[in-house]
Amino acid sequence: MDTLLITADAALRTLFATPRAAQPCPTLPGQATELTAAEKAQAGALMRVNHVGEVCAQALYTAQAFATKNEALRAHFIRASTEETDHLAWTEQRLNELGDRKSLLNPLWYAGAFGLGLLAGRLGDRVSLGFVVETENQVGAHLQSHLTLLPAHDHASRAIVAQMKDDEARHALDAQKAGAIELPQVVKNVMRAAAKVMTTVAHRV
């Protein structure tokens, strides 16, 4: 019952509360960000996609923590979720600074990601960890693409995305060390296709 209540609380906090970062938002000292209206709109759409990614990360880790019976692994997932809360807070803060909004479909994204995380967890801890590795690898590639798509002078967004990319790589490595198996290529392809749908829709809605 305690685990169920914690899981429900995590969902409500992710979707409806203002996230609080444990670490300060990354910056580039001395690099001022001055953007045109069009550049703000471009950056806002990209950061909205990144914010959705962090909503999904919260759902995935929360579901995987709920599914596992291994207390050490549950602590691993909860710790990763806590670190991802920094990303959630940073991207929301940046959206506010850009005068843009979060995705209107965040409850849907959360529910879908939670379902995937729960399924991965039910298939076993090593599969669940393999799901983390593949997810984080795909997210890292996605963030790298955003570093080329963001306006050249948007130093604030770039600093956030660069730090997120480093953190996601570390999460993938941690999962590998914890015993992840490599997922079949067909599963990777399905995950990539689902992520493409999410990022395309979230870019606009």
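The values are calculated or read from the model by the stated rules, or taken from the named source; none is laboratory data. Since this is a predicted model, take the numbers as computed values, not measurements. As a convention, Cβ positions derive from the backbone with ideal geometry for all residues, glycine included, and neighbour counts pool all protein chains shown.
Mind checking whether some residue in the range 113-128 is of a type in the set (S, T, N, Q) and assigned to a helix (DSSP H, G or I)? Yes, that holds for at least one residue.
To keep it simple, each residue is scored yes or no on (1) buried (at least 18 other Cβ atoms within 10 Å of the Cβ); (2) in contact (Cβ under 8 Å) with a residue 60 or more places away in the chain; (3) touching a helix residue (DSSP H, G or I) at 6+ places or on another chain (Cβ under 7 Å); (4) basic (Lys, Arg).
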residue	(1), (2), (3), (4)
LEU147	no, no, yes, no
ALA156	yes, yes, yes, no
ALA162	no, yes, yes, no
GLU168	yes, no, yes, no
HIS171	yes, yes, yes, no
GLN176	no, no, yes, no
GLY179	no, no, yes, no
GLN185	no, no, no, no
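Residues in the range 94-105 that are in a helix (DSSP H, G or I) and either surrounded by fewer than 18 Cβ atoms within 10 Å (Cβ to Cβ) or of a type in the set (A, V, I, L, M, F, W, C) (or both): LEU95, ASN96, GLU97. Out of the range 90-106, which residues are charged (D, E, K, R) and without any contact (Cβ under 8 Å) to a residue 60 or more places away in the chain? If the condition is that a residue be charged (D, E, K, R) and without any contact (Cβ under 8 Å) to a residue 60 or more places away in the chain, then GLU97, ARG101, LYS102 are the ones that fit.
Every residue in the range 37-75 that is of a type in the set (S, T, N, Q), surrounded by 24 or more Cβ atoms within 10 Å (Cβ to Cβ) and over 17 Å from GLY99 (Cα atoms), please. Within the range 37-75, GLN58, THR62, GLN64 qualify. Residues in the range 125-145 that are farther than 18 Å from ARG94 by Cβ and in contact (Cβ under 8 Å) with a residue 40 or more places away in the chain: ASP125, ARG126, VAL127, SER128, LEU129, GLY130, PHE131, VAL132, VAL133, GLU134, THR135, GLN138. The number of residues in the range 167-202 being in a loop (DSSP other than H, G, I, E, B) and either at pLDDT below 90 or acidic (Asp, Glu) (or both) comes to 1. Identify, please: which residue in the range 27-36 is surrounded by fewer than 17 Cβ atoms within 10 Å (Cβ to Cβ) and touching a helix residue (DSSP H, G or I) at 6+ places or on another chain (Cβ under 8 Å) and is, among those, nearest to LEU116 (Cα to Cα)? By that ranking, first place goes to THR27. Just one of (1) assigned to a loop (DSSP other than H, G, I, E, B); (2) of a type outside the set (A, V, I, L, M); (3) touching a residue at least 24 places away in the same chain (Cβ under 8 Å); (4) under 24 Å from GLY117 (Cα atoms) fails for LYS69. It is (3).
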